[in-house]
1. Using a probe radius of 1.4 Å on heavy atoms only, what accessible surface per residue do you get for region A:103-248? Whole Å² is fine.
2. Residue-wise, which Karplus ³J(HN,Hα) couplings in Hz belong to region B:33-45, taking 6.51 cos²θ - 1.76 cosθ + 1.60, θ = phi - 60°, and x for glycine or proline?
3. What part of the accessible area of region A:103-248, given as a whole %, is carbon or sulfur when the probe is 1.4 angstrom?
4. Pull up the cross-link candidates among the lysines for B:LYS46, meaning alpha carbon to alpha carbon under 29 Å and not fewer than 8 places away within one chain.
5. Accessible area drop of at least 10 Å² (1.4 Å probe, protein heavy atoms): which residues of region A:161-182 qualify, relative to the chain alone?
6. For A:VAL72 and B:GLU138, what is the calculated FRET efficiency with R₀ set at 22 Å and r taken between the beta-carbons, to the nearest 0.05?
7. Amide H of A:TRP220 versus every other amide H placed in the peptide plane: which residues, excluding those fewer than 5 positions away on the same chain, fall under 5 Å?
8. To the nearest 10 square angstrom, what accessible area does B:LEU14 show with a 1.4 Å probe?
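The values are calculated or read from the model by the stated rules, or taken from the named source; none is laboratory data. None of the values given here were measured: they were computed from a predicted structure. Here Cβ is always computed from backbone atoms with ideal geometry, including for glycine, and neighbour counts include all displayed protein chains. Just so you know, the surface numbers come from the protein's heavy atoms only, side chains and all, with ligands and any DNA or RNA stripped out. Shrake-Rupley method; radii C 1.70, N 1.55, O 1.52, S 1.80 Å.
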Amino acid sequence: MVCDSWQGMLDTYLDGEIPDEEMRTYDAHVRNCPSCSVDALTRVQMKRAIQLAGKRFTPTAEFRKRIQQSVVPNRQRSFRLGWMLATAAVLILVVGTFTSSHMGNRSGRDQVFSEITDLHVATLASSSPVDVISTDRHTVKPWFQGKIPFSFNLPELQNSEFSLLGGRMTYLDQTPGAHLIYDVRKHHISVLVFQERSLPASLDENSLSPKNLPFNMETWTEGGLRYFVIGDASAADINSLAKLLRAAS
Amino acid sequence: MSGADLQLDSFEELAMPLFNQLYNLAHWLTHNREEAEDLVQETYAKALKGFSSFKSGTNFRAWMYRILRNTFLSSRTGLKATMTVPLDAENDGPEIAVEQDTPDTLLCERRNRELLQSAIDELPVYFREVLLLCEVEEMSYQEISETLSVPIGTVMSRLSRARKALRDRLRPQPQVGTITNAMEKGANHGL
């Protein structure tokens, strides 16, 4: 058909996504071609119908309020609260003068540790903490194929106290990664693996022992991958699992 | 006002106007009010936390939608949706328009919004999201490309196949089916 080449571009034309010059040529064609003009009209009607049908769901006022409160700074603080905050700010400033030399490097790093802690807690709080449920590393590892842009090795656990519960996909700073859950004496431990180069630059040391976290954590980099092991198990257990993972990688 | 408050102010100014649209898309993706609320809440929490890393001058809307989409895809519902529906090859040739616009005409004549909504609902998630971003959110191909992290060519082919899939779903059922149904009904009456 003469119009085949035009009709192949019809949607792009109606989306306004062809260059201006071609747009003018196309306009002229559509005006003079009954077949294309009818086709264009019905597709425009279809677009409008989808637009109307697509605006289907409206959030409740209560939900909007909840989100609004979470993003809006609270300016209705009482004088007392303001005074307390001012005092706290002064204290922070005083403490800051003693620790300022360390703060620059630590702030970004602490944010990552904080996010890792959040991922660990949120996952364990979930009703379905893992998406692949298996104690077999040969089942869990292949499950990540095609979901994350790297591969990693999992340790053999036969003669250890640890057992693998499963895994799920996760994101840190918009970077996809693997989240594995291990069990030791009823304590759940998260192992998170990401590509080192995708993470914030502040994690440049090979091995860190984060302090002041509500959980025990170990992290290191190996073969371009950054590993985090975190949980409420003892520091010795966290260290043992980290050693097994290091040996496997 | 502190620097943190200023940052919160600008985040609020940028993010809250997108609230209704983000919720609408979240509901379309999850098919469930509670899950949609969880998804939007997590999106705002992540965006607020990572706002300092947002590059000023780049597309904030695409950034927010990308967070929502990534959060959805890594959720249980999202993984299920993407695992059960395989995505075809992206490099299909341009779609040739149907000569008799039966589904479109039918749709326009009937103006049956529910029919269209259920047809959109049935689309695989990759088709549903690209169609909604284009038609409902009125995003440009470039914006969709940034949101979905795919090349513009992929946006075009995915959009084209989404529209075709939608038209196919709106196409009237063949007569054979109707006759078969009628025969089955007759048989049931006989029973």
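1. Values: 6840 Å² over 146 residues.
Averaged over the residues of region A:103-248, the accessible area is 47 Å².
2. 5, 4, 5, 5, 5, 4, 5, 5, 4, 5, 4, 5, 5
3. Roughly 48 percent of what the probe reaches on region A:103-248 is carbon or sulfur.
4. Hits, sequence-local ones excluded: A:LYS55, A:LYS65, A:LYS141, A:LYS147, A:LYS211, B:LYS55, B:LYS80.
5. Going by heavy-atom accessible area, the residues of region A:161-182 that drop by at least 10 Å² are A:ARG168, A:MET169, A:TYR171, A:ASP173, A:GLN174.
6. The pair A:VAL72/B:GLU138 has a calculated efficiency of 0.20.
7. Under 5 Å from the amide H of A:TRP220: A:TYR227.
8. 70
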